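In what follows, a single structure is set out as structure tokens and then discussed.
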Ligand SMILES: CC(C)(COP(=O)(O)OP(=O)(O)OC[C@H]1O[C@@H](n2cnc3c(N)ncnc32)[C@H](O)[C@@H]1OP(=O)(O)O)[C@@H](O)C(=O)NCCC(=O)NCCS
């Protein structure tokens, strides 16, 4: 596969939205949300394309009052490209980009049943040789009105890169 990584542009937002909609158990977003990620937050997002086809996407941002932390919002890889290290490589590419030069920690949130996501971020922590911690970020009852499983905060760092 000849996959290129780049920061997204607004023209990618709709296709990103479709890929996420096709990738349960990810929560779907409005197209507008993905358009904002692909424009205002483009420098902390990465898109992977083969020719013009979107094969993967990572959305993230530096937490406004803790800019040393890159919050990874969603990671998605097209079903046909999974199991080849693409998700890990997209996050590494993001860490290497200019906007993440001063990032020393990654935070993300994962539901307890998402084995692929736990595996991905634990492998990343090992690669970065960094400590990890797990706490509740958003609770099923307190924050989701009982409608969504609790989102666990997985924190990685400090690390240098
Ligand atoms: C999660 C997802 C992004 C992983 O993409 P990927 O490119 O296949 O992941 P990688 O090949 O980089 O895998 C890295 C590690 O994650 C873990 N992993 C990946 N897929 C896994 C699965 N289905 N089950 C368990 N662990 C898995 C493994 O530890 C893997 O390392 P290994 O191959 O050396 O064992 C992809 O499966 C996906 O898009 N899933 C649907 C959306 C989703 O759940 N996203 C995560 C929430 S943000």
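Counting only DSSP beta bridges with both residues in the chain, what percent are antiparallel, rounded to the nearest 5?
Working: 28 of 32 bridges.
Antiparallel bridges make up about 90 percent of those DSSP assigns within the chain.
Between residue 53 and residue 115, what FRET efficiency comes out of the Förster formula 1/(1 + (r/R0)^6) with R0 = 25 Å and r the beta carbon distance, rounded to 0.05?
My answer for the efficiency is 0.40.
When only C-alpha pairs under 8 Å and at least 6 residues apart count, what is the relative contact order of the chain, in percent?
Result for the chain is 17 percent.
Kirkwood Rh and Cα-based Rg: tell me the resulting Rg over Rh for the chain, rounded to two decimals. Walk me through the numbers on the way to the answer.
Details: Rg = 15.0 Å, Rh = 16.0 Å.
In the chain, Rg relative to Rh is 0.94.
Extension gain residue 40-residue 18, at 0.36 nm per residue separation less the Cα-Cα distance, in nm? Please report the intermediate quantities before stating the final value.
Working: separation 22, 0.36 × 22 = 7.92 nm, distance 1.95 nm.
Contour length minus the Cα-Cα distance gives 6.0 nm.
For n ≥ 4 DSSP H runs only, could you compute -39500 (n - 2.57) per run for the chain, divide by its residues and tell me the 222 nm figure to the nearest 500?
-8500 deg cm²/dmol
How much length would be gained if the chain were fully extended between residue 133 and residue 65, taking 0.36 nm per residue of separation minus their Cα-Cα distance, in nm to one decimal?
Stretched out fully, the residue 133 to residue 65 stretch lengthens by 22.5 nm.
Where a number appears in this text, it was derived from the coordinates with a stated rule and is not lab data. Because the structure is predicted, anything quoted here is derived from the model rather than measured. Counting neighbours? That spans all protein chains shown, and the Cβs are built from the backbone with ideal geometry, glycine included.
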